[in-house]
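Below is one structure; the comments refer to it alone.
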Amino acid sequence: MFDVDGTLVHRGPDGRGRPLPGAVEILEAIRASGRRFVLFTNGSHVPAWELARGLREDGLPLNDDEVITPVESALTYLRRHHDGEPVMLFATPATRKRMADAGVALTDDEDARVVLITHVDGTIDLAQLERAARAVTRGAPLLTGSYVPGYAGANGLIFSRGAMVTAAIAKVSSTRPKVVGKPSKVAVDEMRAYFGLPSTELAVIGDDLDLDIRLGRMGRSRTVLVRSGTTGAIDIERVPERSRPDLVVDGVADLLDRL
């Protein structure tokens, strides 16, 4: 399993991904070996297949079903734990449509039994934030696709708008949000279901200790940290041993001779 931003691509100001050295070659080599791969990104502004299409246009050799996002893992979680319950969703129009098409009962009222935040665009409705906080204080779980500051871009950290909205609701409702993207047990379950394998048989490759490597360690997977994203020049020797990856490389190109 590969992370996307900072691992396989750097995204420029236009939102397009620029493949990093070795990114195309490593995916082609894995496919040629008969093994499978998937990209798991915390991006949740469009459906997974649309993200795959965009990355394919940017140069990565991907099929439509080779990307997982928090939208997909959230759907799995909702079906398992809150099937049929009304969900207040903070999301883009594309993600709202994906959720509605999947049968999620969406609401913007305080009758919400679940509050879910993914990526948001445009102006935030403060009245809706208040309704969400009131629903959470009455017991609705607060779910979020991501609760980290951001992800690696070509010119530095790109802030997570979903995390901003989540933090606002969590603060006033005195609630700890449940992450359904990376890193979480929900995401581990989604990976395991995708491959049909125990997570102990998977390798997780990414640029973020707090997202990708932590995800891998949750599932006791093999973990590889690449220095091409948020990690940069971090001194691994200063990282607690329980949080260290199994392998550190400068970029995914360094993995070609390890397949």
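The values are calculated or read from the model by the stated rules, or taken from the named source; none is laboratory data. This one's a predicted model, so the numbers in the text were calculated from it and none came from an experiment. Note that each Cβ is placed from the backbone with ideal geometry, even for glycine, and that neighbours are counted across all protein chains shown.
Yes/no matrix, rows are residues, columns are (1) among the hydroxyl-bearing types (Ser, Thr, Tyr); (2) modelled with pLDDT under 95; (3) assigned by TED's automatic domain parsing to the domain that holds residue 157:
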site: 210; (1), (2), (3): no, yes, no
site: 215; (1), (2), (3): no, no, no
site: 221; (1), (2), (3): yes, no, no
site: 224; (1), (2), (3): no, no, no
site: 228; (1), (2), (3): yes, yes, no
site: 237; (1), (2), (3): no, yes, no
site: 240; (1), (2), (3): no, yes, no
site: 246; (1), (2), (3): no, no, no
site: 253; (1), (2), (3): no, no, no
Number of the condition not met by residue 184 [criteria: (1) closer than 17 Å to residue 41 by Cβ; (2) polar (S, T, N, Q); (3) surrounded by fewer than 19 Cβ atoms within 10 Å (Cβ to Cβ)]: (3)
For residue 144: the one exception among (1) in the same structural domain as residue 26 (by TED's automatic domain parsing); (2) touching a residue at least 12 places away in the same chain (Cβ under 8 Å); (3) among the polar types (S, T, N, Q): (1)
In the stretch 46-83, the residues that are assigned to a loop (DSSP other than H, G, I, E, B) and closer than 30 Å to residue 21 by Cβ: 46, 47, 58, 59, 60, 61, 62, 63, 64, 65, 66, 69
Contacts under 7 angstrom Cβ, first residue in the stretch 53-68 being more than 13 Å from residue 31 (Cβ to Cβ), partner polar (S, T, N, Q) and modelled with pLDDT under 95, 6 or more apart: 67/41
Subset tally (residues that are of a type outside the set (Val, Ile, Thr) and within 18 Å of residue 151 (Cα to Cα)) for the stretch 24-51: 8
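Let's see how each residue does on (1) polar (S, T, N, Q); (2) more than 15 Å from residue 39 (Cα to Cα); (3) touching a residue at least 60 places away in the same chain (Cβ under 8 Å):
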| residue | (1), (2), (3) |
| --- | --- |
| 166 | yes, yes, no |
| 178 | no, yes, no |
| 198 | no, yes, no |
| 212 | no, no, yes |
| 220 | no, yes, no |
| 242 | no, yes, no |
| 255 | no, yes, yes |
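Of the residues 176, 98, only one is charged (D, E, K, R) and surrounded by 20 or more Cβ atoms within 10 Å (Cβ to Cβ); which?
98
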Selected residue [among the small types (Gly, Ala, Ser) and in contact with a Ser or Thr (Cβ under 6 Å, 6 or more places away or on another chain)] from 184, 174, 199: 199
Of all residues in the stretch 215-231 being of a type in the set (S, T, N, Q) and part of a loop (DSSP other than H, G, I, E, B), the one that is nearest to the chain's Cα centre (by Cα): 230
Entirely in the stretch 84-189, the helices (runs of 4 or more DSSP H) that have 1 or more residues that are at pLDDT 95 or above and touching a Phe, Trp or Tyr at 6+ places or on another chain (Cβ under 7 Å): 161-173
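Of the residues that make up the stretch 11-28, is at least one of a type in the set (A, V, I, L, M, F, W, C) and in contact with a Lys or Arg (Cβ under 9 Å, 6 or more places away or on another chain)? Show your work before the answer.
Let us first name the residues in the stretch 11-28 that are of a type in the set (A, V, I, L, M, F, W, C), namely 20, 23-24, 26-27.
Then drop every residue that is not in contact with a Lys or Arg (Cβ under 9 Å, 6 or more places away or on another chain), which leaves none.
Scanning the stretch 11-28 turns up no residue that is of a type in the set (A, V, I, L, M, F, W, C) and in contact with a Lys or Arg (Cβ under 9 Å, 6 or more places away or on another chain).
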Residue match in the stretch 19-26 (condition: assigned by TED's automatic domain parsing to the domain that holds residue 136 and buried (at least 17 other Cβ atoms within 10 Å of the Cβ)): no
Boolean, residue 203 is within 11 Å of residue 1 (Cβ to Cβ), surrounded by fewer than 24 Cβ atoms within 10 Å (Cβ to Cβ), modelled with pLDDT of 95 or more and among the small types (Gly, Ala, Ser): yes
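Do we find a residue being of a type in the set (Val, Ile, Thr), in contact with a strand residue (DSSP E or B) (Cβ under 8 Å, 6 or more places away or on another chain), at pLDDT 95 or above and not assigned by TED's automatic domain parsing to the domain that holds residue 117 anywhere in the stretch 41-62? Let's see the steps before the verdict.
So in the stretch 41-62, the residues of a type in the set (Val, Ile, Thr) come out as 41, 46.
Subset that is in contact with a strand residue (DSSP E or B) (Cβ under 8 Å, 6 or more places away or on another chain): 41.
Now narrow it down to the ones that are at pLDDT 95 or above: none.
No, that holds for no residue.
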